[in-house]
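Written below as C-alpha cells is the structure these notes are about.
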Amino acid sequence: MLQGCGLEVQEAIARLCGTLLIDEAHHAPAPTWSAFRKLFLKEPGNRALQFTATPFRTDGKLVEGRIIFSYPLRKAQADGYFVPITLRTVMAWDQSSADEAIALTAVDQLEADIADGRLHVVMARTESIARAREVIEVYNKVAAGHGPTLVHSQMGVADREDALRRLRAGGTRVIVCVDMLGEGFDFPNLKIAAVHDPHKSLAITLQFTGRFTRAHPNLGGATVVANVASPDMEDRLRDLYAEDADWNELLTELSSGAVGRHARRSDFLDGFTGPASPIALQNVFPKMSAVVYRTTCAAWQPGRFEDAVRKRARVHAGPLLNPRRRTLVFITQEQEAVPWGAVKEVSNTVWHLYLLHWDEDRGLLFINSSDNSSLHERLAKAVCGDDVDIIDGDTVFRVLDGVNRLVLMNLGLNHTIGRAVRFTMHNGSDVGQAMTEASVGNRIRSNLFGIGYEGGDKVTVGCSRKGRLWSYLIAYDLAEWVEWCHCIGTKLLVSSDIRNWTVSPRRT
C-alpha cells in the first residue's frame with residue numbers, strides 16, 4: 001500500500017502517527033520499507049518498533065535497530081507455542097534416488113500420523129519449478145491416494161486458489177511447492193517437511209521451519225525429512241542435517257547464536273561517531289585481512305590518520321570512530337595515472353577503504369585496506385607513534401597455530417643463490433604433499449595459503465612474510481573483523497616452534 005502512496009501522503013502519515021510497527025522486519029532493509037522508515041523517523045519523537053523471528057538476512061544487510069526483547073525458540077517450545085520437531089534422514093548420493101527415498105519416508109510418516117488421529121500434511125520443498133515438476137511425479141507414484149498437488153508462482157490465480165482450497169478441505173495431504181506457503185500462510189496441519197532441496201542459509205531455514213512447528217490442539221509434533229548426503233549447504237547447517245541430529249537443540253542454538261551476532265553487530269555500529277557519511281557502515285564489507293604492528297603507546301591517536309594520507313588522497317567518507325572498541329573507518333579518493341600512456345589530462349579515480357583497530361590489551365594495531373600497494377607504515381606511525389614495529393618474517397606463520405589437517409593450496413618459496421634471489425610459486429590441491437627435501441632444500445617460505453580445521457570448523461588462512469595476513473572470507477560484519485583480529489593477534493604473540501605448522505618435506 002505504501003508503494004502506491006505518493007511522497008505527500010507518506011509525509012502526512014509520518015506527521016500524524018508517532019509509532020511505526022513493522023512485522024516481518026527482516027524485510028525492512030528493502031528499498032521501499034527502508035525509505036519510508038527513514039522518512040518516518042525524521043519527524044521529532046517518532047519511533048519504529050520492529051518484529052521478526054530472524055533479525056538477520058542472507059545478503060548481509062543489517063536489520064537496523066536495537067534488540068529490546070528476544071524470545072528464544074527453547075522458551076517458545078516450553079511455553080507451548082512451538083511443538084517439538086524430529087529429523088528423519090535418508091542417505092542417497094544421486095538426486096533421483098534421494099527424491100524417491102525422501103518421498104517414501106515422508107509418506108510413511110504421514111500415514112503413521114494419520115493412523116494416530118493426526119491429520120497432518122506433507123510439504124515437499126524444491127528450489128525451482130523444474131525440480132517441483134520432477135518431484136510431483138515421484139509423489140504421484142508413491143502417494144497417489146493422498147492427492148499430491150503442485151503449487152508454484154507461474155500457475156494462474158484460479159488454479160492456485162483451487163489447490164489451496166483442496167488443501168484446507170483435506171482433498172490433498174501432499175503439496176509440492178517452490179518457496180510458497182511461507183510468511184502469512186497459516187495452516188497448522190503442515191507438520192511434515194520433505195526437504196528435497198535444502199535451503200542454503202540459516203535465516204531461510206529458520207523461517208521455513210517455523211511453518212511446521214506452530215502448536216495446535218491434537219496435532220502433535222513436526223517432522224523434517226532430509227537427505228544427509230546433500231553436499232550443497234551453508235557450513236552452519238551441516239550439523240542440522242547430520243544423521244541423528246537433535247533439531248530442537250540445534251535450531252535453538254543456531255537461532256540464539258544468530259540473534260546474538262545481530263545484537264553485537266548493531267551495538268558495534270551504534271558505537272561509531274563522526275561526521276555524516278555518504279556511505280553507511282552496514283553496507284561496508286571488507287575482506288578479512290590485515291597487516292599488524294606492535295605498539296608501545298599508552299593511547300592511540302586516531303585523529304592523526306590524516307597526517308599519513310592527506311598528501312596523496314582526499315578523505316571522502318569519515319572518519320568514523322568507535323572509541324570504546326578503538327576502531328576507525330574512513331574512505332579515501334585518489335587520482336592515479338592511466339596505465340595506457342603518459343597523459344596528464346586524464347586520470348583514474350580510485351576509492352580505498354581503511355579499517356583500523358588498536359588492541360590495547362595485546363599492544364597491536366591492525367590495518368585493513370583495499371589498497372594493497374603498501375603495508376601502511378606511515379599510517380601506523382601517525383596513529384600509534386614512530387616506534388611501531390610491523391610483525392613480519394617467520395613470526396607471521398604463527399597464525400597457523402591450532403589449524404589442524406592443514407592442506408596448502410599456494411606456497412611461495414625464496415631461494416638465494418649468491419646475490420640473486422629466485423622465487424618459485426607452487427599451486428595445487430595439496431602442494432605440501434608434493435614437496436620433497438630436494439625441491440625445498442634451503443629455500444625460505446615467502447607466503448602460503450591453506451585450508452584446515454580449527455575448533456571443528458573449516459577455516460582458511462593465508463600469510464606473507466612481508467607481514468600481510470588474510471582469510472578467504474568477507475567481513476559482512478565489522479565486529480567479526482575485530483574478533484578475527486583478536487584471534488590472530490593472540491597467535492602472533494605466542495612463542496612456539498613454527499616449523500611444526502608449515503612445510504614438512506617428505507623424503508625421497
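Every number here is computed from the coordinates shown, using simple stated rules; none is lab data. Bear in mind the structure is a predicted one, so any value in this text is a computation, not a measurement. Counting neighbours? That spans all protein chains shown, and the Cβs are built from the backbone with ideal geometry, glycine included.
Under 26 Å Cα to Cα from LYS141, which lysines show up? Leave out anything in the same chain fewer than 8 places away.
Within the straight-line cut-off, LYS141 pairs with LYS191.
Name the shape class, rounded, prolate or oblate, that the alpha-carbon gyration tensor gives for the range 2-52, where a ≥ b ≥ c are the square roots of its eigenvalues, rounded holds for a/c under 1.5, and otherwise prolate holds if a/b is larger than b/c and oblate otherwise. Write down the numbers at each step before the final one.
Details: a/c = 2.03, a/b = 1.21, b/c = 1.67.
Verdict is oblate for the range 2-52.
Highest mean first, what order results for 92-102, 313-323 on Cβ atoms within 10 Å?
Values: 92-102: 15.9, 313-323: 18.1.
Peptide ranking by packing, descending: 313-323, 92-102.
What is the order of LEU16, LEU164, fewest Cβ neighbours within 10 Å to most? Provide the component values of the computation, followed by the final result.
On the way: LEU16 8, LEU164 18.
Sorted ascending by nearby Cβ count, the order is LEU16, LEU164.
Hey, fewest Cβ within 10 Å first, where do ASP186, ASP389 land in order? Please report the intermediate quantities before stating the final value.
Details: ASP186 9, ASP389 12.
By the 10 Å Cβ count, ascending, the order reads ASP186, ASP389.
For the range 1-131, calculate the relative contact order in percent as a whole number, restricting contacts to Cα pairs under 8 Å that are 6 or more residues apart. Mind showing how you got there, number by number?
Values: 93 pairs, mean separation 21.3, N = 131.
Here the relative contact order equals 16 percent.
What three numbers, in Å, describe the spread of the alpha carbons of the range 303-409 along their principal axes, ordered from the longest?
Projected onto its principal axes, the Cα set of the range 303-409 covers 53, 38, 23 Å.
By a straight-distance test (C-alpha under 30 Å), which lysines pair with LYS344 as possible cross-link partners, with residues fewer than eight away in the same chain excluded?
LYS311
Between THR149 and residues 5 or more places away or on another chain, which pairs have amide H atoms under 5 Å apart, with H built 1.01 Å from N, and which residues are they?
VAL174, ILE175, VAL176
How about LYS491: which lysines have a C-alpha closer than 25 Å to its C-alpha, ignoring those fewer than 8 places off in the same chain?
Candidates past the 8-residue exclusion: LYS287, LYS381, LYS458, LYS466.
Rank the residues ARG324, ARG265, ARG304 as a footprinting-exposure proxy: fewest other Cβ atoms within 10 Å of their Cβ go first. Mind showing how you got there, number by number?
Details: ARG324 10, ARG265 20, ARG304 14.
Result, fewest neighbours first: ARG324, ARG304, ARG265.
Between ARG168 and THR86, what's the calculated FRET efficiency when r is the beta-carbon distance and R0 is 25 Å? Round to 0.05. Please list the in-between numbers first.
Details: r = 25 Å, r/R0 = 1.00.
Here the calculated transfer efficiency is 0.50.
Once you treat every alpha carbon in the range 66-165 as an equal point and sum by Debye, what is log10 I(q)/I(0) at q = 0.10 Å⁻¹?
Result of the Debye calculation: -0.41.
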